[in-house]
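Presented below is the structure to which this report refers.
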Amino acid sequence: MYFINRIQPYHLDILKEVGNIGAGHAATALSKLLNKTIDMKVPAVRVVSFEEITELVGGSDNVVAAIFLRIEGEAPGNMFFMLPVNEATNLIRYLTGDQQFDLNSPPFQELGLSALQEVGNILAGSYLSAFSDLTKLNLQPSVPALSVDMAIAILSYGLLELSQVGDYAIVIETEILEKVDVYSQKTSGHFFLLPDPDSYEIIFRALGVSIDDGSC
Amino acid sequence: MMEVVKVGMADLNVATSPQKIRTSGLGSCVGVVIYDETTNICGMAHVMLPNSSLGKAELINKAKYADTALDVLLEKLLKMGVNQALLKAKLAGGSQMFKFSSTSEMMRIGPRNVEAVKEKLKELRIRIVAEDVGGTSGRTIEFDPLTSKLSIRTVSQGVSEI
């Protein structure tokens, strides 16, 4: 039987820790890149239906800038870094110095898009290398791909592998936050890690956990 | 009352006027509308994968695959009293959200979904009267069975009608 049906709460806790370490490294990388204090929220790990995923990405018509990387190696999967369009625009302006750049009005300057892809590359790369160190699994990110579009249209791409075995996904989600002042923070992005169906067993085994422990 | 019937990902549903039917955020998925103008009855499927033989689960969700979803949808429509000979179809979606130089067949899923839907409609002898497929954008579509118009919204090109 497919693993998702046998998932136990402690499995989710383990995945949460994986997300925690990965996103911690990514937040540090972003802090250095922007020279700002970047925080992160402890990852949420949930088993969600495809329907609920729509809500997770902010409703069906929510538009985001997303960087997508395919994870290759021993535990393949998909990884997304999504951020609100205005946040992405500000990030690009900051990195390139081009104050005219606006992700709300295409066509876009190649340089700006390239800068955003590079941010995604750095963040996802640091997330993934932490993940790889923890599990001792050999994992490599693909070249990043960028899309500015409806969040669910983008994320559904990452669900294709999972959709072959069921209508549920285990989503490892982390929120990255920028500290505005002592009292407030604003959301700077979300990470979504979606391992391929067969990768869960490999990840748990690498961490020394049997998937059949305590199953009913 | 104007009500909009929502169709989720890998889901299907039917509607009659004055209802409308809508699905959001089609990426590589294909939205298929089958309708009968004489009865103002329509159905919509949000197809995710081309072929149910791809499914590895014991119990498959028939709404997910092109080859099984349209059979289920047709059956539902016939129960509601449509005239099979008068059925027409419109479709939208099947884009490639990311330009990837990958060898993975998964990356080409959009065009494959479109092909599979067309093949199935041909088999069911349902004529396609309009389509907006391919490209690299996500689409949100809404069909009005009263006017038989399918409105398509994208982030970059606004709203169009087919």
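The values are calculated or read from the model by the stated rules, or taken from the named source; none is laboratory data. Quick caveat: nothing in here was measured; it's all calculated off a predicted structure. Please note: Cβ atoms are built from the backbone with ideal geometry, for glycine as well, and neighbour counts cover all protein chains shown. In case anyone asks, the SASA skips ligands and DNA or RNA and just uses the protein heavy atoms, side chains included. Shrake-Rupley method; radii C 1.70, N 1.55, O 1.52, S 1.80 Å.
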* Asked: Just wondering, is there one or more residues in the range A:58-65 that are under 17 Å from residue B:97 (Cβ atoms) and part of a helix (DSSP H, G or I)?
  -> no
* Asked: Can residue A:83 be described as within 22 Å of residue A:203 (Cβ to Cβ) and away from chain B (no Cβ under 14 Å)?
  -> no
* The listed residue being under 16 Å from the mean Cα position of the chain (by Cα) and surrounded by fewer than 16 Cβ atoms within 10 Å (Cβ to Cβ), out of A:119, A:42, A:64, A:57 -> A:42
* **Failed condition for residue B:69, given (1) open to solvent by less than 30 Å² (accessible area, probe 1.4 Å); (2) at positive phi** => (2)
* Asked: If we scan the range B:10-22, do we find a residue that is more than 9 Å from every other protein chain (Cβ to nearest Cβ), of a type in the set (A, V, I, L, M, F, W, C), open to solvent by 10 Å² or more (accessible area, probe 1.4 Å) and in contact with a His (Cβ under 9 Å, 6 or more places away or on another chain)?
  -> yes
* Which one of the conditions (1) over 17 Å from residue B:127 (Cα atoms); (2) not in a strand (DSSP E or B) does residue B:77 fail to meet, given that it meets all the rest? -> (1)
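Yes/no matrix, rows are residues, columns are (1) open to solvent by 50 Å² or more (accessible area, probe 1.4 Å); (2) more than 21 Å from residue B:48 (Cα to Cα); (3) not β-branched (Val, Ile, Thr):
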| position | (1), (2), (3) |
| --- | --- |
| B:73 | no, no, yes |
| B:82 | no, yes, no |
| B:110 | no, no, yes |
| B:114 | no, no, no |
| B:124 | no, no, yes |
| B:148 | no, yes, yes |
| B:157 | yes, yes, yes |
* List the pairs whose first member sits in the range B:25-39 and is within 11 Å of chain A (Cβ to nearest Cβ) and farther than 17 Å from residue B:147 by Cβ, whose second member is at pLDDT 90 or above and open to solvent by 10 Å² or more (accessible area, probe 1.4 Å), and whose Cβ atoms are under 6 Å apart, counting only residues at least 6 apart or on separate chains? -> B:26/B:139
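Here's the yes/no breakdown for (1) away from chain B (no Cβ under 14 Å); (2) open to solvent by 60 Å² or more (accessible area, probe 1.4 Å); (3) under 30 Å from residue B:157 (Cα atoms):
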position: A:110; (1), (2), (3): no, yes, yes
position: A:138; (1), (2), (3): yes, yes, no
position: A:149; (1), (2), (3): no, no, yes
position: A:177; (1), (2), (3): yes, no, no
position: A:195; (1), (2), (3): yes, no, no
* Kindly establish whether residue B:61 is open to solvent by 20 Å² or more (accessible area, probe 1.4 Å), within 20 Å of residue B:114 (Cα to Cα), within 11 Å of chain A (Cβ to nearest Cβ) and over 15 Å from the mean Cα position of the chain (by Cα). => yes
* To do: Evaluate the following for residue B:131: is it open to solvent by 50 Å² or more (accessible area, probe 1.4 Å), within 25 Å of residue B:5 (Cβ to Cβ) and modelled with pLDDT of 90 or more?
  => yes
* So is residue A:103 within 13 Å of chain B (Cβ to nearest Cβ) and free of Cβ contacts under 8 Å to residues at least 60 places away in the same chain or not? -> yes
* Within the range A:29-58, which residues are within 14 Å of another protein chain (Cβ to nearest Cβ) and free of Cβ contacts under 8 Å to residues at least 12 places away in the same chain? -> A:51, A:52, A:55
